[in-house]
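Participant: Sending over a structure as structure tokens; questions will come in a sec.
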Amino acid sequence: MAPASIPPTTEARNVFRELGYTVSEGGREFVAERKWRRVLVTVLCLESDDIDPYLADGGDAPRLRCFVTWRERAEDLRDQLVSRKPPYDWAVIGIEADGSDFAVMEGAPGSP
């Protein structure tokens with residue numbers, strides 16, 4: 001079982017590669033591209049991460065965002081994003097502790 005205090009960075013990259021995206025190098029934030037889609041991916045563990053610094057729309061950042069965390073924390077992250085209403089389209093991916101599976105949770109209906 002993966003420690004909840006370590007973000008699933010490698011697992012997040014693997015998920016996007018499995019989905020056919022080209023993944024940029026970088027740390028806990030990277031860009032995943034496929035066809036016309038350019039997604040800014042932010043990997044969080046939530047045990048020690050404050051999501052506020054990651055919510056800002058940096059102007060030239062992609063309008064598509066994906067936040068990735070461990071599956072056990074994904075619903076909480078989704079709820080935080082719904083309540084904060086960031087100004088871009090977003091989704092949350094929750095990765096199982098052993099990295100074998102993941103679930104995608106979309107933003108609230110009607111959100112940008």
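Participant: V15 - would you say it is under 13 Å from the mean Cα position of the chain (by Cα), modelled with pLDDT of 90 or more and part of a strand (DSSP E or B)?
Facilitator: Spelling it out, it is not the case that V15 is under 13 Å from the mean Cα position of the chain (by Cα), modelled with pLDDT of 90 or more and part of a strand (DSSP E or B).
Participant: Between residues in the stretch 23-43 that are exposed (fewer than 14 other Cβ atoms within 10 Å of the Cβ) and residues that are part of a loop (DSSP other than H, G, I, E, B), which pairs lie under 6 Å by C-beta distance while being six or more apart or on different chains?
Facilitator: Close Cβ pairs (under 6 Å, with a partner that is part of a loop (DSSP other than H, G, I, E, B)) amount to R34/G20; R34/Y21.
Participant: In addition: Here are some conditions: (1) at pLDDT 90 or above; (2) within 14 Å of the chain's Cα centre (by Cα). C45 meets all but one. Which one does it not meet?
Facilitator: (1)
Participant: Does L40 qualify as being among the aliphatic types (A, V, I, L, M) and modelled with pLDDT under 90?
Facilitator: Details: among the aliphatic types (A, V, I, L, M): yes; modelled with pLDDT under 90: no.
In short, no.
Participant: Every residue in the stretch 78-109 that is modelled with pLDDT of 90 or more, small (G, A, S) and closer than 19 Å to R37 by Cβ, please.
Facilitator: Within the stretch 78-109, just A91 meets the criteria.
Participant: Next up: Restricting attention to the stretch 20-33, does a residue exist that is closer than 22 Å to P86 by Cβ, at pLDDT below 90 and among the β-branched types (V, I, T)?
Facilitator: No, because not a single residue in the stretch 20-33 is closer than 22 Å to P86 by Cβ, at pLDDT below 90 and among the β-branched types (V, I, T).
Participant: Follow-up. Please specify each residue of the stretch 70-92 satisfying the condition of being part of a helix (DSSP H, G or I) and without any contact (Cβ under 8 Å) to a residue 60 or more places away in the chain. Steps first, please.
Facilitator: At the first step, the residues of the stretch 70-92 found to be part of a helix (DSSP H, G or I) are 71-84.
The answer is R71, A74, E75, D76, L77, R78, D79, Q80, L81, V82, S83, R84.
The values are calculated or read from the model by the stated rules, or taken from the named source; none is laboratory data. Just so it is clear, the structure is predicted and the values come from calculations on it, not from any experiment. Cβ: placed from backbone, ideal geometry, glycine included. Neighbour counts: every protein chain shown.
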